[in-house]
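First comes the structure, then the notes that go with it.
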Amino acid sequence: MSDTTPAATTLPATAADTSPDNPWPLQLLSQKLKAHIDRTPSAWVEGQVIELNRRGGSAFMTLRDVDAEISLPASIWSNVLDRQEVPLERGSRVVALLKAEFWLKTGRLNMSVKDIRPVGLGDLLARIERLRHALSLEGLFSDSRKKRLPLLPHRIGLITGRDSDAKKDVLRNAALRWPAVEFEVREVAVQGNTAVSQIIRALRELDEDPHVDVIVIARGGGALEDLLPFSNEDLIRAVSSASTPVVSAIGHEADRPILDDVADLRASTPTDAAKRIVPDVAEELTRVRQARDQLRRGVTRLVERESDRMTSLRSRPVLASPEVMVSTRAEDVARLSSRSRAAIGTAVLRAADQIVHLRNQVRSLSPQQTLDRGYAVVQVADAERADQQRAVVRHPSQAPEGSELFVRVAGGSFSARSTGNHRVSDN
(Lines give C-alpha, C1' and ligand atoms only; values in the text may rest on other atoms or scores of the structure.)
Protein backbone atom coordinates (compact mmCIF):
# COMPACT_ATOMS: atom_id res chain seq x y z
CA MET A 1 0.00 0.00 0.00
CA SER A 2 2.89 2.33 0.76
CA ASP A 3 4.24 1.83 -2.77
CA THR A 4 0.93 2.83 -4.49
CA THR A 5 -0.07 5.75 -2.31
CA PRO A 6 2.69 8.17 -3.44
CA ALA A 7 1.93 7.33 -7.09
CA ALA A 8 -1.76 8.08 -6.58
CA THR A 9 -1.04 11.45 -5.06
CA THR A 10 0.99 12.48 -8.08
CA LEU A 11 -1.84 11.87 -10.57
CA PRO A 12 -3.57 14.96 -12.06
CA ALA A 13 -6.77 15.93 -10.28
CA THR A 14 -8.73 16.65 -13.49
CA ALA A 15 -8.66 15.48 -17.06
CA ALA A 16 -7.52 18.92 -18.19
CA ASP A 17 -4.34 18.54 -16.09
CA THR A 18 -3.23 15.29 -17.76
CA SER A 19 -0.28 15.27 -20.15
CA PRO A 20 1.86 12.74 -22.07
CA ASP A 21 4.30 12.73 -19.17
CA ASN A 22 1.65 12.47 -16.49
CA PRO A 23 -1.38 10.55 -17.85
CA TRP A 24 -4.31 8.96 -16.07
CA PRO A 25 -4.57 5.19 -15.84
CA LEU A 26 -7.42 3.85 -17.96
CA GLN A 27 -9.01 2.53 -14.82
CA LEU A 28 -9.23 6.02 -13.35
CA LEU A 29 -10.84 7.45 -16.48
CA SER A 30 -13.37 4.61 -16.56
CA GLN A 31 -14.19 5.08 -12.90
CA LYS A 32 -14.69 8.80 -13.33
CA LEU A 33 -16.88 8.23 -16.39
CA LYS A 34 -18.98 5.72 -14.53
CA ALA A 35 -19.33 8.03 -11.52
CA HIS A 36 -20.37 10.89 -13.76
CA ILE A 37 -22.86 8.82 -15.77
CA ASP A 38 -24.31 7.28 -12.62
CA ARG A 39 -25.14 10.79 -11.42
CA THR A 40 -27.21 11.60 -14.50
CA PRO A 41 -30.95 11.32 -13.86
CA SER A 42 -33.34 9.08 -15.72
CA ALA A 43 -35.40 10.67 -18.50
CA TRP A 44 -38.71 9.83 -20.15
CA VAL A 45 -38.35 9.89 -23.93
CA GLU A 46 -40.72 9.22 -26.77
CA GLY A 47 -39.86 7.13 -29.78
CA GLN A 48 -40.82 4.31 -32.08
CA VAL A 49 -39.66 0.73 -31.64
CA ILE A 50 -37.92 -0.29 -34.86
CA GLU A 51 -36.11 -3.35 -33.49
CA LEU A 52 -36.84 -5.72 -30.59
CA ASN A 53 -34.92 -8.93 -29.79
CA ARG A 54 -35.39 -11.10 -26.70
CA ARG A 55 -32.38 -12.99 -25.32
CA GLY A 56 -33.24 -14.93 -22.23
CA GLY A 57 -34.00 -12.66 -19.33
CA SER A 58 -33.25 -9.44 -21.22
CA ALA A 59 -34.06 -7.87 -24.53
CA PHE A 60 -32.45 -5.39 -26.84
CA MET A 61 -34.39 -2.77 -28.73
CA THR A 62 -33.73 0.21 -30.93
CA LEU A 63 -35.78 3.39 -30.53
CA ARG A 64 -36.06 5.95 -33.30
CA ASP A 65 -37.17 9.56 -32.98
CA VAL A 66 -40.65 10.14 -34.40
CA ASP A 67 -39.62 13.31 -36.28
CA ALA A 68 -35.93 12.84 -37.15
CA GLU A 69 -33.50 10.22 -38.42
CA ILE A 70 -32.03 9.59 -34.97
CA SER A 71 -32.03 6.17 -33.30
CA LEU A 72 -30.76 4.85 -29.99
CA PRO A 73 -30.10 1.23 -28.90
CA ALA A 74 -31.25 0.26 -25.41
CA SER A 75 -31.56 -2.82 -23.23
CA ILE A 76 -34.59 -3.83 -21.23
CA TRP A 77 -35.26 -6.65 -18.78
CA SER A 78 -37.84 -9.21 -19.83
CA ASN A 79 -39.92 -8.66 -16.69
CA VAL A 80 -40.45 -5.03 -17.77
CA LEU A 81 -41.70 -6.23 -21.13
CA ASP A 82 -43.91 -8.83 -19.50
CA ARG A 83 -45.77 -6.12 -17.55
CA GLN A 84 -47.23 -4.75 -20.78
CA GLU A 85 -50.90 -5.57 -21.36
CA VAL A 86 -50.34 -5.49 -25.11
CA PRO A 87 -47.03 -7.00 -26.26
CA LEU A 88 -44.69 -4.50 -27.84
CA GLU A 89 -43.79 -5.03 -31.46
CA ARG A 90 -41.91 -3.26 -34.17
CA GLY A 91 -43.52 0.05 -35.13
CA SER A 92 -45.04 0.63 -31.68
CA ARG A 93 -44.96 4.21 -30.43
CA VAL A 94 -43.78 4.26 -26.81
CA VAL A 95 -42.52 6.45 -24.00
CA ALA A 96 -39.63 4.89 -22.10
CA LEU A 97 -37.78 5.77 -18.92
CA LEU A 98 -34.09 5.59 -19.89
CA LYS A 99 -31.09 5.55 -17.58
CA ALA A 100 -27.56 5.77 -18.89
CA GLU A 101 -25.20 3.03 -17.57
CA PHE A 102 -21.48 2.63 -18.08
CA TRP A 103 -20.01 -0.89 -18.02
CA LEU A 104 -16.68 -0.50 -16.35
CA LYS A 105 -14.95 -3.63 -17.63
CA THR A 106 -15.85 -3.25 -21.28
CA GLY A 107 -16.01 0.54 -21.40
CA ARG A 108 -19.42 0.46 -23.09
CA LEU A 109 -22.25 2.93 -22.62
CA ASN A 110 -25.65 1.31 -22.37
CA MET A 111 -29.11 2.87 -22.23
CA SER A 112 -31.21 0.84 -19.82
CA VAL A 113 -35.02 0.96 -20.08
CA LYS A 114 -36.40 1.09 -16.54
CA ASP A 115 -40.02 1.42 -17.61
CA ILE A 116 -41.87 1.54 -20.91
CA ARG A 117 -45.43 2.43 -21.87
CA PRO A 118 -47.19 2.31 -25.22
CA VAL A 119 -48.67 5.55 -26.53
CA GLY A 120 -52.29 4.94 -27.46
CA LEU A 121 -54.65 7.00 -29.59
CA GLY A 122 -56.13 8.56 -26.48
CA ASP A 123 -52.72 9.73 -25.31
CA LEU A 124 -51.92 11.17 -28.73
CA LEU A 125 -55.24 13.02 -28.89
CA ALA A 126 -54.80 14.40 -25.39
CA ARG A 127 -51.28 15.54 -26.24
CA ILE A 128 -52.49 17.23 -29.43
CA GLU A 129 -55.26 19.03 -27.55
CA ARG A 130 -52.86 20.26 -24.89
CA LEU A 131 -50.56 21.62 -27.58
CA ARG A 132 -53.52 23.15 -29.43
CA HIS A 133 -54.65 24.90 -26.25
CA ALA A 134 -51.15 26.21 -25.45
CA LEU A 135 -50.65 27.60 -28.97
CA SER A 136 -54.10 29.16 -28.89
CA LEU A 137 -53.21 31.00 -25.70
CA GLU A 138 -50.16 32.39 -27.49
CA GLY A 139 -52.48 33.88 -30.11
CA LEU A 140 -51.17 31.83 -33.05
CA PHE A 141 -54.74 31.03 -34.14
CA SER A 142 -56.04 34.61 -33.88
CA ASP A 143 -58.04 35.92 -36.83
CA SER A 144 -55.92 39.08 -36.83
CA ARG A 145 -52.93 36.97 -37.92
CA LYS A 146 -54.75 35.46 -40.87
CA LYS A 147 -53.58 36.73 -44.25
CA ARG A 148 -55.99 37.19 -47.15
CA LEU A 149 -55.50 35.01 -50.20
CA PRO A 150 -55.00 36.79 -53.53
CA LEU A 151 -58.02 36.83 -55.84
CA LEU A 152 -56.02 35.29 -58.69
CA PRO A 153 -52.61 33.91 -57.59
CA HIS A 154 -49.86 34.16 -60.18
CA ARG A 155 -48.15 31.00 -58.96
CA ILE A 156 -49.19 28.48 -56.32
CA GLY A 157 -46.74 26.60 -54.15
CA LEU A 158 -47.83 23.01 -53.47
CA ILE A 159 -46.32 20.82 -50.75
CA THR A 160 -47.57 17.25 -51.01
CA GLY A 161 -46.57 13.63 -51.12
CA ARG A 162 -44.64 12.09 -53.96
CA ASP A 163 -47.03 11.20 -56.80
CA SER A 164 -49.93 11.31 -54.33
CA ASP A 165 -53.64 11.49 -55.05
CA ALA A 166 -53.75 14.79 -53.17
CA LYS A 167 -51.28 16.29 -55.63
CA LYS A 168 -53.30 15.04 -58.61
CA ASP A 169 -56.55 16.38 -57.13
CA VAL A 170 -55.14 19.85 -56.54
CA LEU A 171 -53.46 20.12 -59.94
CA ARG A 172 -56.40 18.71 -61.88
CA ASN A 173 -59.17 20.70 -60.20
CA ALA A 174 -57.19 23.92 -60.24
CA ALA A 175 -56.46 23.52 -63.97
CA LEU A 176 -60.14 22.81 -64.66
CA ARG A 177 -61.14 26.02 -62.91
CA TRP A 178 -58.34 28.20 -64.27
CA PRO A 179 -56.31 26.60 -67.10
CA ALA A 180 -53.54 29.22 -66.92
CA VAL A 181 -52.71 28.49 -63.30
CA GLU A 182 -49.03 27.80 -62.49
CA PHE A 183 -47.68 25.57 -59.71
CA GLU A 184 -44.38 25.28 -57.91
CA VAL A 185 -44.51 21.71 -56.51
CA ARG A 186 -42.44 20.31 -53.66
CA GLU A 187 -42.82 16.57 -53.16
CA VAL A 188 -41.98 15.53 -49.60
CA ALA A 189 -42.66 12.76 -47.13
CA VAL A 190 -46.07 13.40 -45.55
CA GLN A 191 -45.75 10.80 -42.81
CA GLY A 192 -42.93 9.22 -40.87
CA ASN A 193 -40.04 10.64 -38.94
CA THR A 194 -38.69 12.79 -41.79
CA ALA A 195 -42.00 14.39 -42.75
CA VAL A 196 -41.75 17.41 -40.46
CA SER A 197 -38.25 18.43 -41.49
CA GLN A 198 -38.99 18.00 -45.20
CA ILE A 199 -42.25 19.95 -45.01
CA ILE A 200 -40.61 22.80 -43.10
CA ARG A 201 -37.74 22.95 -45.59
CA ALA A 202 -40.15 23.03 -48.55
CA LEU A 203 -42.29 25.67 -46.82
CA ARG A 204 -39.33 27.96 -46.31
CA GLU A 205 -38.17 27.53 -49.91
CA LEU A 206 -41.58 28.47 -51.28
CA ASP A 207 -41.99 31.31 -48.79
CA GLU A 208 -38.72 32.85 -49.99
CA ASP A 209 -39.79 32.61 -53.65
CA PRO A 210 -41.18 36.06 -54.63
CA HIS A 211 -43.23 34.54 -57.47
CA VAL A 212 -45.27 32.27 -55.16
CA ASP A 213 -48.45 34.01 -53.99
CA VAL A 214 -49.99 31.22 -51.89
CA ILE A 215 -48.77 27.90 -50.47
CA VAL A 216 -50.93 24.76 -50.19
CA ILE A 217 -49.99 21.90 -47.87
CA ALA A 218 -52.02 18.90 -49.06
CA ARG A 219 -52.32 15.30 -47.96
CA GLY A 220 -54.98 12.66 -48.27
CA GLY A 221 -56.73 11.04 -45.34
CA GLY A 222 -55.16 8.50 -43.04
CA ALA A 223 -54.88 7.18 -39.52
CA LEU A 224 -54.19 9.54 -36.62
CA GLU A 225 -50.58 8.38 -36.42
CA ASP A 226 -50.10 9.20 -40.10
CA LEU A 227 -51.36 12.77 -39.62
CA LEU A 228 -49.24 13.50 -36.54
CA PRO A 229 -46.59 15.48 -38.48
CA PHE A 230 -49.26 18.11 -39.22
CA SER A 231 -49.73 18.68 -35.50
CA ASN A 232 -46.02 19.06 -34.82
CA GLU A 233 -45.16 22.24 -32.92
CA ASP A 234 -42.14 23.07 -35.10
CA LEU A 235 -44.25 22.88 -38.25
CA ILE A 236 -47.04 24.95 -36.68
CA ARG A 237 -44.63 27.72 -35.72
CA ALA A 238 -43.02 27.66 -39.17
CA VAL A 239 -46.44 28.14 -40.81
CA SER A 240 -47.28 30.92 -38.36
CA SER A 241 -44.10 32.83 -39.20
CA ALA A 242 -44.48 32.45 -43.00
CA SER A 243 -45.09 35.71 -44.87
CA THR A 244 -46.95 33.95 -47.71
CA PRO A 245 -50.58 32.85 -47.10
CA VAL A 246 -50.79 29.14 -46.30
CA VAL A 247 -53.72 26.84 -47.07
CA SER A 248 -54.15 23.61 -45.11
CA ALA A 249 -55.72 20.73 -47.05
CA ILE A 250 -55.11 17.68 -44.86
CA GLY A 251 -57.17 14.51 -44.96
CA HIS A 252 -60.94 14.58 -45.00
CA GLU A 253 -63.58 16.77 -43.39
CA ALA A 254 -63.38 14.89 -40.08
CA ASP A 255 -59.59 15.22 -39.79
CA ARG A 256 -58.51 18.23 -37.76
CA PRO A 257 -54.74 18.56 -37.26
CA ILE A 258 -53.41 21.70 -35.58
CA LEU A 259 -52.18 22.90 -38.98
CA ASP A 260 -55.82 23.67 -39.84
CA ASP A 261 -56.00 26.17 -36.97
CA VAL A 262 -52.83 28.09 -37.75
CA ALA A 263 -53.22 28.16 -41.55
CA ASP A 264 -54.66 31.27 -43.15
CA LEU A 265 -57.33 29.11 -44.81
CA ARG A 266 -58.52 25.62 -44.01
CA ALA A 267 -59.78 23.45 -46.86
CA SER A 268 -61.69 20.32 -45.97
CA THR A 269 -59.97 18.28 -48.72
CA PRO A 270 -57.30 18.82 -51.37
CA THR A 271 -60.08 19.13 -53.95
CA ASP A 272 -61.72 21.83 -51.85
CA ALA A 273 -58.37 23.65 -51.65
CA ALA A 274 -58.16 23.78 -55.46
CA LYS A 275 -61.66 25.27 -55.62
CA ARG A 276 -60.90 27.94 -53.03
CA ILE A 277 -57.50 29.19 -54.17
CA VAL A 278 -58.35 29.90 -57.83
CA PRO A 279 -61.58 31.27 -59.30
CA ASP A 280 -63.65 29.37 -61.85
CA VAL A 281 -62.92 30.84 -65.28
CA ALA A 282 -66.45 30.01 -66.49
CA GLU A 283 -68.00 31.77 -63.51
CA GLU A 284 -65.69 34.75 -63.93
CA LEU A 285 -66.53 35.03 -67.63
CA THR A 286 -70.22 34.87 -66.74
CA ARG A 287 -69.71 37.64 -64.21
CA VAL A 288 -67.83 39.69 -66.78
CA ARG A 289 -70.69 39.28 -69.25
CA GLN A 290 -73.19 40.20 -66.58
CA ALA A 291 -71.14 43.23 -65.61
CA ARG A 292 -70.91 44.29 -69.27
CA ASP A 293 -74.68 43.91 -69.68
CA GLN A 294 -75.26 45.97 -66.55
CA LEU A 295 -72.87 48.65 -67.78
CA ARG A 296 -74.48 48.65 -71.21
CA ARG A 297 -77.97 48.99 -69.75
CA GLY A 298 -76.78 51.68 -67.37
CA VAL A 299 -75.12 53.69 -70.16
CA THR A 300 -78.17 53.24 -72.40
CA ARG A 301 -80.50 54.45 -69.65
CA LEU A 302 -78.21 57.40 -68.96
CA VAL A 303 -78.05 58.38 -72.64
CA GLU A 304 -81.83 58.02 -73.06
CA ARG A 305 -82.51 60.04 -69.93
CA GLU A 306 -80.14 62.80 -71.01
CA SER A 307 -81.61 62.76 -74.55
CA ASP A 308 -85.11 63.21 -73.13
CA ARG A 309 -83.81 65.99 -70.95
CA MET A 310 -82.20 67.72 -73.93
CA THR A 311 -85.43 67.39 -75.93
CA SER A 312 -87.38 68.85 -73.02
CA LEU A 313 -84.96 71.73 -72.71
CA ARG A 314 -85.00 72.43 -76.43
CA SER A 315 -88.81 72.51 -76.46
CA ARG A 316 -88.95 75.27 -73.88
CA PRO A 317 -89.89 78.73 -75.28
CA VAL A 318 -86.66 80.30 -74.09
CA LEU A 319 -84.69 77.93 -76.31
CA ALA A 320 -87.25 77.73 -79.13
CA SER A 321 -87.25 81.57 -79.50
CA PRO A 322 -84.32 82.98 -77.53
CA GLU A 323 -85.11 86.56 -78.72
CA VAL A 324 -88.35 86.43 -76.73
CA MET A 325 -86.33 86.72 -73.55
CA VAL A 326 -84.72 89.96 -74.81
CA SER A 327 -87.89 91.43 -76.39
CA THR A 328 -89.92 90.70 -73.26
CA ARG A 329 -87.38 92.46 -71.13
CA ALA A 330 -87.25 95.36 -73.63
CA GLU A 331 -91.03 95.76 -73.41
CA ASP A 332 -90.80 95.69 -69.63
CA VAL A 333 -88.09 98.37 -69.72
CA ALA A 334 -90.17 100.57 -72.12
CA ARG A 335 -93.29 100.15 -70.01
CA LEU A 336 -91.45 100.95 -66.81
CA SER A 337 -89.73 103.93 -68.46
CA SER A 338 -93.11 105.29 -69.64
CA ARG A 339 -94.58 104.83 -66.23
CA SER A 340 -91.57 106.53 -64.67
CA ARG A 341 -91.86 109.52 -67.02
CA ALA A 342 -95.60 109.80 -66.41
CA ALA A 343 -95.09 109.58 -62.66
CA ILE A 344 -92.36 112.22 -62.76
CA GLY A 345 -94.47 114.53 -64.96
CA THR A 346 -97.43 114.20 -62.67
CA ALA A 347 -95.25 114.87 -59.66
CA VAL A 348 -93.75 117.97 -61.35
CA LEU A 349 -97.19 119.35 -62.30
CA ARG A 350 -98.50 118.70 -58.83
CA ALA A 351 -95.48 120.41 -57.29
CA ALA A 352 -95.84 123.37 -59.70
CA ASP A 353 -99.50 123.81 -58.73
CA GLN A 354 -98.51 123.60 -55.10
CA ILE A 355 -95.85 126.28 -55.65
CA VAL A 356 -98.42 128.59 -57.34
CA HIS A 357 -100.85 127.98 -54.52
CA LEU A 358 -98.20 128.68 -51.90
CA ARG A 359 -97.06 131.76 -53.78
CA ASN A 360 -100.60 133.07 -53.80
CA GLN A 361 -100.93 132.34 -50.13
CA VAL A 362 -97.69 134.13 -49.39
CA ARG A 363 -98.75 137.08 -51.51
CA SER A 364 -102.16 137.28 -49.90
CA LEU A 365 -100.54 137.37 -46.48
CA SER A 366 -97.79 139.84 -47.37
CA PRO A 367 -97.96 143.48 -46.02
CA GLN A 368 -97.97 144.76 -49.58
CA GLN A 369 -101.29 143.08 -50.28
CA THR A 370 -102.69 144.69 -47.16
CA LEU A 371 -101.49 148.07 -48.37
CA ASP A 372 -102.96 147.42 -51.84
CA ARG A 373 -106.36 146.95 -50.26
CA GLY A 374 -106.15 150.58 -48.90
CA TYR A 375 -104.58 150.05 -45.58
CA ALA A 376 -101.63 152.12 -44.34
CA VAL A 377 -98.85 151.57 -41.87
CA VAL A 378 -98.39 154.51 -39.46
CA GLN A 379 -95.11 154.86 -37.68
CA VAL A 380 -93.88 157.44 -35.25
CA ALA A 381 -91.39 159.59 -37.07
CA ASP A 382 -88.01 159.37 -35.37
CA ALA A 383 -85.04 160.86 -37.08
CA GLU A 384 -82.63 158.74 -35.01
CA ARG A 385 -84.10 155.46 -36.22
CA ALA A 386 -84.16 153.95 -39.65
CA ASP A 387 -87.40 153.10 -41.37
CA GLN A 388 -87.29 149.48 -40.27
CA GLN A 389 -86.81 150.48 -36.62
CA ARG A 390 -89.59 153.11 -36.34
CA ALA A 391 -92.32 152.25 -33.90
CA VAL A 392 -95.59 151.22 -35.51
CA VAL A 393 -98.58 153.06 -34.10
CA ARG A 394 -101.04 150.50 -32.82
CA HIS A 395 -102.94 152.71 -30.34
CA PRO A 396 -103.98 156.39 -30.45
CA SER A 397 -102.09 157.02 -27.26
CA GLN A 398 -98.86 156.39 -29.15
CA ALA A 399 -99.52 159.48 -31.34
CA PRO A 400 -100.32 162.43 -29.08
CA GLU A 401 -101.17 165.80 -30.58
CA GLY A 402 -98.39 167.29 -32.55
CA SER A 403 -96.49 163.95 -33.07
CA GLU A 404 -94.68 163.62 -36.34
CA LEU A 405 -95.95 160.55 -38.15
CA PHE A 406 -94.64 158.53 -41.07
CA VAL A 407 -97.40 156.97 -43.17
CA ARG A 408 -96.76 154.11 -45.66
CA VAL A 409 -99.45 153.37 -48.25
CA ALA A 410 -99.53 151.12 -51.32
CA GLY A 411 -98.23 153.80 -53.59
CA GLY A 412 -95.46 155.08 -51.29
CA SER A 413 -95.07 157.04 -48.03
CA PHE A 414 -95.55 160.57 -46.66
CA SER A 415 -95.28 162.53 -43.41
CA ALA A 416 -98.17 163.68 -41.23
CA ARG A 417 -98.82 165.28 -37.86
CA SER A 418 -101.27 164.09 -35.24
CA THR A 419 -104.09 166.50 -34.32
CA GLY A 420 -104.69 164.75 -31.03
CA ASN A 421 -108.29 163.71 -31.70
CA HIS A 422 -108.31 160.20 -30.27
CA ARG A 423 -110.95 157.56 -30.93
CA VAL A 424 -110.53 154.21 -29.32
CA SER A 425 -111.92 151.19 -31.19
CA ASP A 426 -114.14 148.79 -29.32
CA ASN A 427 -112.03 145.96 -30.63
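Points worth noting:
- Of all residues in segment 115-132, those satisfying the criterion of being in contact (Cβ under 8 Å) with a residue 60 or more places away in the chain and loosely packed, with under 14 Cβ neighbours inside 10 Å are LEU121, LEU125.
- Whichever residue in segment 115-143 is among the acidic types (Asp, Glu) and more than 22 Å from GLY91 (Cβ to Cβ) and, among such residues, is modelled with the lowest pLDDT: GLU129
- The one condition from (1) outside the structural domain of PRO257 (by TED's automatic domain parsing); (2) under 54 Å from the mean Cα position of the chain (by Cα) that ASP38 does not meet is (2).
- Residue within segment 54-62 that is closer than 15 Å to LEU97 by Cα and either aromatic (Phe, Trp, Tyr) or in contact (Cβ under 8 Å) with a residue 60 or more places away in the chain (or both) present: yes
- Residue match in segment 208-227 (condition: hydrophobic (A, V, I, L, M, F, W, C), surrounded by 17 or more Cβ atoms within 10 Å (Cβ to Cβ) and over 32 Å from the mean Cα position of the chain (by Cα)): yes
- Within segment 66-114, being under 29 Å from LEU26 (Cβ atoms), of a type in the set (Lys, Arg) and either exposed (fewer than 13 other Cβ atoms within 10 Å of the Cβ) or modelled with pLDDT under 90 (or both) holds for LYS105, ARG108.
- Put simply, of VAL262, VAL247, VAL188 the only residue that is closer than 18 Å to SER164 by Cβ, out of contact with any Asp or Glu (no Cβ under 9 Å at 6 or more places or on another chain) and at pLDDT 90 or above is VAL188.
- Residue within segment 187-195 that is among the charged types (D, E, K, R), outside any helix (DSSP H, G or I) and surrounded by 15 or more Cβ atoms within 10 Å (Cβ to Cβ) present: yes
- Residue within segment 110-120 that is closer than 30 Å to GLU284 by Cα and of a type outside the set (Ser, Thr, Tyr) present: no
- Flag for THR311 being part of a helix (DSSP H, G or I), β-branched (Val, Ile, Thr) and loosely packed, with under 10 Cβ neighbours inside 10 Å: yes
- Restricted to segment 150-176, and to residues there that are acidic (Asp, Glu) and either on the phi < 0 side of the Ramachandran plot or without any contact (Cβ under 8 Å) to a residue 12 or more places away in the chain (or both), the residue that is surrounded by the fewest Cβ atoms within 10 Å (Cβ to Cβ) is ASP165.
- Residues within segment 377-409 that are touching a helix residue (DSSP H, G or I) at 6+ places or on another chain (Cβ under 9 Å) and modelled with pLDDT under 80, tallied: 1
- LYS147 meets the stated requirement of being in contact (Cβ under 8 Å) with a residue 24 or more places away in the chain and among the basic types (Lys, Arg).
The values are calculated or read from the model by the stated rules, or taken from the named source; none is laboratory data. Just so it is clear, the model here is predicted, and its values are computed rather than measured. In this analysis, Cβ positions are derived from the backbone assuming ideal geometry, glycine residues included, and neighbour counts consider all displayed protein chains.
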